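Visitor: Questions regarding the structure given below will be posed in turn.
The values are calculated or read from the model by the stated rules, or taken from the named source; none is laboratory data. In this text, all values refer to a predicted model and were calculated from it rather than measured experimentally. Cβ: placed from backbone, ideal geometry, glycine included. Neighbour counts: every protein chain shown. Side chains included, ligands, DNA and RNA excluded: accessible areas come from the protein's heavy atoms. Shrake-Rupley method; radii C 1.70, N 1.55, O 1.52, S 1.80 Å.
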Amino acid sequence: VTMLRRDADNTRVSNIVVATPRQILELLDTPLTAPAWDTAIRWLDMVVVDEADRLVAKWNKIQQRHRAWEGKVDPCMQLLKLIDEATEKSQRADCWQLVAASATMNRTTHRNLKFSSGIDIASVRAGGSALPEAGGGGQTGDGTSSWPSALRHMVTVARPYQFPKVMSVAAVTIGKLAADRLLVVLATTSDAGRAPSSIYSLNIVVAQLRLRLAEFGTFEVVTVAAAVEAAAALWTVEGSAQRKRRASGSREVVVADAQAVRGIHLDNIDAVVIIGDPISVGEYLHCAGRTCRFQPGHAEPTGGTVVSVVASNVADRMEQWAALSGFTLLEVKETGPVPGELPKPLPTKSNKLPSDRASQMLQLELEPREASGAKVAPRQAAPLKPAARE
């Protein structure tokens, strides 16, 4: 198995090659490597296209129209056409297989794969939940959606949608979920959006969750890179059936960006918490689809929960997605004490914090609000400078 790299000797082709379509096209256009790779695509046995929707159908209708006017074709579609022509010349048009995998295998993806490769591919999909009568037959015409029936969809609206408040709501949500292993997905936006990546960065969110989840029990908060490395260390030839779940009482929270977690399988994810602003129902499907997956030894998905901590307008948009794609969205009200919330400061003439009281204010900020409603002494509630509070 060879992972294609630019700094390696690509004049020789191994049995199994992992590469992007653009890399293969560049090797076919380079005089030094073209003979070997031209022979390789003539005599190949199978082509596997992962994340097929992103490779052949990632553009909206307006973008598709502009690309058609400019004569642009996606690299994956170019490569499939070249393979179709090469195998036809070598009289092997019926001797190779095409396998395409995607969580959103819609009609556009299916059609582009079919006409690019010249293969009438069949659709093999896991059974989804039944669509309501008004929903029609769905993408595949069988009356089911792309969502597993055991997956629960919930939304919590954070008001106001600001970073400290969002982190408090997310920590409470994680603490209430009965999940041994949970995935937090950051659907960040540009700086002008509700969840800018400069604020909701991976390291900052990991640090905040480690701090705020301390009062809910033993949580191990890690990044997705660390989780993937740990899974690779546990890999066995026998497969994931030999890997065991985490010990009882030990709960893990994996934090990842929406793009970083796309297409990655993590074993035994019980719940997913989405923070930010998913840009489309497709992105929401890929984020939510990290849970309620097929696990070794089970004939059906084992169930899961996805909770979205979003702004009010995003929750309204998700209701439209629910009606469009056929899932039921439940709103979970924000209740109970919020950890790490600072008491409202009393009005003062100065915002300067005395240096000898800085440690007291930091300790006050990290403690949860008392359920009894006991007030904090005014001298401890002096307002912080914005920079000091950050």
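Visitor: May I ask you to rank ARG54, ARG6, ARG293, ARG159 by accessible area, largest first, using a 1.4 Å probe over the protein chains only?
Guide: Correct descending sequence by accessible area is ARG6, ARG159, ARG54, ARG293.
Visitor: Can I ask one more? Evaluate E = 1/(1 + (r/R0)^6) for ALA150 and LEU32, where r is the Cβ-Cβ distance and R0 equals 41 Å; express this FRET efficiency to the nearest 0.05.
Guide: Once the sixth-power term is evaluated, E becomes 0.20.
Visitor: Let me ask another. Largest first, please: the extent of the C-alpha atoms of segment 151-331 along each principal axis, to the nearest Å.
Guide: 47, 37, 27
Visitor: Would you grab the residues whose amide H sits under 5 Å from the one on VAL273? Only those 5+ places off in sequence or on another chain, please, with H modelled 1.01 Å from N.
Guide: Sorted by chain and number, the residues that satisfy this are LEU183, VAL184, VAL185, VAL307.
Visitor: Let me ask something additional. Please turn the phi angles of segment 75-91 into ³J(HN,Hα) values with the Karplus equation 6.51 cos²θ - 1.76 cosθ + 1.60 (θ = phi - 60°), one per residue in order, whole Hz, x for glycine and proline.
Guide: My calculation for segment 75-91 gives x, 5, 5, 4, 5, 5, 5, 5, 5, 4, 5, 5, 5, 5, 5, 8, 6 Hz in order.
Visitor: Taking the full set of protein chains and a 1.4 angstrom probe, give the accessible area of MET3 in square angstrom, rounded to the nearest 10.
Guide: For MET3, solvent-accessible area is about 130 Å².
Visitor: Which sequence of ARG12, ARG210 reflects their accessible areas, 1.4 Å probe, from the largest down?
Guide: ARG12, ARG210
Visitor: Enumerate the calculated ³J(HN,Hα) couplings along segment 295-301 in order (Karplus 6.51 cos²θ - 1.76 cosθ + 1.60, θ = phi - 60°), each rounded to whole Hz, writing x wherever the residue is Gly or Pro.
Guide: Working through the residues one at a time gives 10, x, x, 10, 7, 10, x Hz.
Visitor: Another one. Quick one: order HIS110, HIS286 from most to least accessible surface, probe 1.4 Å.
Guide: HIS110, HIS286
Visitor: To continue, here is another question. Could you state how much accessible area PHE216 has, in square angstrom rounded to the nearest 10, with a 1.4 Å probe and all protein chains kept in place?
Guide: Roll a 1.4 Å probe over it and PHE216 shows about 70 Å².
Visitor: At 1.4 Å probe size, what's the solvent-accessible area of ARG42? Round to the nearest 10 Å².
Guide: 70 Å²
Visitor: Contour minus end-to-end for LEU4 and SER129, with contour as 0.36 nm per residue of separation and end-to-end as the Cα-Cα distance?
Guide: Here the answer is 41.1 nm.
Visitor: Apply the Karplus parameterisation 6.51 cos²θ - 1.76 cosθ + 1.60, with θ equal to phi minus 60°, to every residue of segment 98-103 and state each ³J(HN,Hα) to the nearest whole Hz, in sequence, with x for glycine and proline.
Guide: So the J values, rounded to whole Hz, are 10, 10, 10, 10, 6, 7.
Visitor: For GLN295, which sequence-distant residues (separation of 5 or more, or a different chain) have an amide H within less than 5 Å of its own amide H, given hydrogens modelled in the peptide plane?
Guide: When sequence neighbours closer than 5 places are left aside, the close amide H contacts are THR302.
Visitor: Hey, can you grab everything whose amide H is under 5 Å from the amide H of THR156? Only 5+ residues off in sequence or another chain; H modelled, so Pro and N-termini drop out.
Guide: Amide H to amide H, under 5 Å and 5 or more residues apart or across chains, THR156 pairs with SER308, VAL309, VAL310, VAL332.
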